[in-house]
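The structure appears below as structure tokens.
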Amino acid sequence: MIQLSQALSELDWIPRPKLTALRRLGIETVEDLVTHFPRRHEDRREFAGFPREESDVPICLCGEVVKTQLRRFGGWKKIFEATLQESDANALSQPLVLRWFNLHYVQKMIATGQRLVVFGKPRLRGQRLCLEHPEFEVIENDEEISVHFRRITPIYPATEGLSQRTFRGLTYRALESLDEDSVETLLPHGVDLGERITALRQIHFPTSQADLIPAREHLVFSEFFAMQMLIAARRSAAASRSGQAHCGAGVLLERFLRGLPFDLTNAQVRVIDELRRDLAANRPMNRLLQGDVGSGKTVVAIAAMLLAAEGGFQAALMAPTQILAEQHYAVLCRWLEPLRIKISLRTADRQEESFLPLVSGDERPDILIGTHALLYEGVSFDNLGLAVIDEQHKFGVSQRARLTAREPAPDVLVMTATPIPRTLTMTVYGDLDVSVIDEMPSNRGKIITAVRDQSKLGEVLSFMRERLEAGRQAYIVYPLIDESEKLDVKAAAAEFETWCDRLRPFRCELLHGRIPGPEKQAIMDRFRRGETSVLISTTVIEVGVDVPNATIMLIENAERFGLAQLHQLRGRIGRGEHKSYCILLSAEKSPETVAKLGVLEKISDGFEIAEADWNMRGPGDLLGTAQSGLPALKLGNLKTDVRIMREARAAAIAILEADPDLEASDNQRFRRLIVEERGRTFSNVS
């Protein structure tokens, strides 16, 4: 018998070369192997007859290869075709053509006379029905038929050097050899979903389609429950930390608000009130501030920092990029100069202070602004009361913890302009209180978004020159800095001279992440002052850059960006009173790309766009598990499994509210589910 925690390298029946391939998938233990779940199943108990018409629904078929052919065209291009005939000699169906384009290894694997199982969508090509690039598996002999055929068969996410047959065989043997006592069922009382060992065996090799449902329910609930226990533990640990009030009387805040050249929105006023209550409480604040691009989060953050500074505490504002940190510094120096606030900037390339002490003779900065440099040696906090983390999804959990892990605990405000569907907010930010700015300032210019084919570039150029001649400025954004041999994508550096020629005599400058910090700052300063008309850039300008006179954004190869990122980029314009224009250039005409870019033409609200993105491609890495410190989901889907997630969340919260240290004998088994961000276990577990 083998143990769930056992290393695969200890099992002599796994070929050594296969261990290397398994490691590429992050599979090193028996548990890793049996929790590498199938992405789908094929019902191979009885194969369907060959189709007579095309279909959008993929089908699984079995047949015999009666002919193979390799066709060359256009020099290096090749098509390998295999003609598949139904195995049943009495079948009246027409043969099916299997096609692979430029996949040379396939022709070495398929030969006349073989039996194949294939999976794909039948398409009519001329007079023939074809499966293009189908998944396939060769039936070599009948010895392993019990594992691979005549059953509901698992199909796995695999990698080079691991065929489906190999992967399936290893998983089958591991499950058959597994010591059942080593597989613990970690479900709370009242949740009757059976034993974990049963669920694992059924999710891989179900005895019927019906048995897949309870197996998946058990495993998804377990996955969500482990995640929600960690989130609930974070919230419990934060609430138990010693804190203190960090809130002044509000005199500085009132002076600041009276000096603004605009009125706050009702949403901003509401959020400032929420922050004021948190800062005045003796428990640490842990709050997420969500607001669409341009909704005025910075003003709200300044309000919170002024309350902390007036209370006699330091405030820190951490930004993900040097450009954004320097912009925050410039804005705060300008806005807070009448209040005599001392502000300090700390980035990897620059240290600067505005010597405006709040208290006469006090050399301590009231507000520190910086990038990751705030986390490391050379930056000390005398009395940190508030940590504000801008665009928090750009930072990892350990980085945030390093800034906030002090006693007594500072109040923490994390901000994001990336709207997140509520289900994800409940998960990724389940340990935080949430405030939302759901109202845009009335003084912002309208943004018109248009998708244009690359062939319309001449018309786009004429329009851009017209706006530049009117005194406006523009961004031109590329997905890459340099050209790539692997990707048919334009690049900022390669296209820079071309744009200089196209837009002469208007001054163009190039900006990307590899430019040294001081030079980058000088480029941005010239653009802000209007000395530069056009900035050719990568996504380094994605967050926070605020130049009200920039009213045009042209995004090349727009199909290469995600919806959320395109919306973030678009948020760099429309920040003044002038009407702005975002032009999405793309030569891609696939239905998926047309639908995606069309969303931006119709919708300007970031939360609606987030929902559309969610519906089009699922949660993907919106969850940001690498940044959130949460375990990655192997089976659960936060879009389709909302009910299970909510039930798991309720169960986890109930357990930790009743027993925060998991001291009850029945709860001690859950301690290993709660592994904190730095690899330490929860509470006093060693």
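Every number in this text was worked out from the coordinates using simple rules, so none of it is lab data. Keep in mind that this is a model prediction, so the values were computed, not measured. All Cβ positions, glycine included, derive from the backbone under ideal geometry; neighbour counts span all protein chains shown.
Over the chain, dividing the summed -39,500 (n - 2.57) contributions of all DSSP H runs of at least 4 residues by the number of residues returns a 222 nm mean residue ellipticity of -10500 deg cm²/dmol.
Looking at the chain, the DSSP beta bridges with both ends there are about 40 percent antiparallel.
Taking the longest Cα principal axis of the chain as reference, the axis of helix 591-602 is set at about 20 degrees.
For segment 326-335, the Karplus equation 6.51 cos²θ - 1.76 cosθ + 1.60, evaluated at θ = phi - 60°, returns couplings of 5, 5, 4, 4, 5, 5, 5, 4, 5, 6 Hz by residue, with Gly and Pro reported as x. Put a dot 7 Å past the Cα of Arg115, heading toward its Cβ, do the same for Val251, and the two dots end up 9.0 nm apart. The gain in end-to-end length when the Arg504 to Arg150 segment is fully stretched comes to 120.5 nm, 0.36 nm per residue minus the alpha carbon separation. If you take the Cα centroid of segment 271-304 and the Cα centroid of segment 36-65, the two points sit 54 Å apart. A Förster distance of 45 Å, applied to the separation of the beta-carbon atoms of Ser240 and Ile515, puts the FRET efficiency at 0.50.
Compute the helix-to-body angle for 642-658: its Cα long axis versus the longest principal axis of the chain, expressed 0 to 90° and rounded to tens. Its long axis makes an angle of about 60 degrees. Remark on Val388: its backbone amide H falls under 5 Å from those of Ala316, Leu317, Met318, Leu413, a criterion applied only to residues 5 or more positions apart or on other chains, H modelled at 1.01 Å from N. Put in line by how crowded their Cβ is, counting other Cβ atoms within 10 Å and starting with the fewest, Trp335, Trp614 read Trp335, Trp614. One decimal place: the segment Glu160-Arg406 gains 83.9 nm when fully extended, by the rule 0.36 nm per residue minus the C-alpha distance.
Within the shell defined by Cβ-Cβ distances under 10 Å, the residues around Leu186 carry a net charge of +2, with Lys and Arg each +1 and Asp and Glu each -1.
In the chain, the longest principal axis of the Cα atoms and the axis of helix 297-310 are about 50 degrees apart.
Derived from the Cα gyration tensor, the three semi-axes of the equivalent ellipsoid of segment 46-150 are 22, 18, 12 Å, largest first.
Charge tally for Glu195 (other residues, Cβ to Cβ under 12 Å; Lys, Arg +1; Asp, Glu -1): -2. When only the Cβ of Lys, Arg, Asp and Glu is charged (+1, +1, -1, -1), the dipole of the chain relative to its Cα centre reaches about 1600 debye.
With K and R counted +1 and D and E -1, the other residues having a Cβ less than 11 Å from that of Val30 yield a net charge of -4. A Förster radius of 30 Å, combined with the Cβ-Cβ distance separating Arg529 from Asp453, puts the computed FRET efficiency at roughly 0.30.
P(r) tail for segment 447-604: Cα pairs beyond 28 Å make up 13% of the total. In the distance distribution for the chain, Cα-Cα pairs more than 37 Å apart total 51 percent.
In this structure, Asp666 and Trp13 have a Cβ-Cβ separation that, at R0 = 22 Å, corresponds to a calculated FRET efficiency of about 0.05. Close amide-amide hydrogen proximity is noted between Glu42 and Thr153, Ile155, each under 5 Å apart and 5 or more residues distant or on a separate chain (H modeled in the peptide plane; Pro and chain starts excluded). Is any residue of segment 429-459 close enough, with backbone N under 18 Å, to a label point placed 7 angstrom from the Cα of Asp263 along the Cα-Cβ axis, and if so, which? Of the residues in segment 429-459, 438-445 have backbone N under 18 Å from the label point off Asp263.
Can you tell me how much longer the chain between Thr20 and Arg125 gets when fully stretched, taken as 0.36 nm per residue apart minus their C-alpha distance, in nm with one decimal? Value of the extension gain: 33.8 nm.
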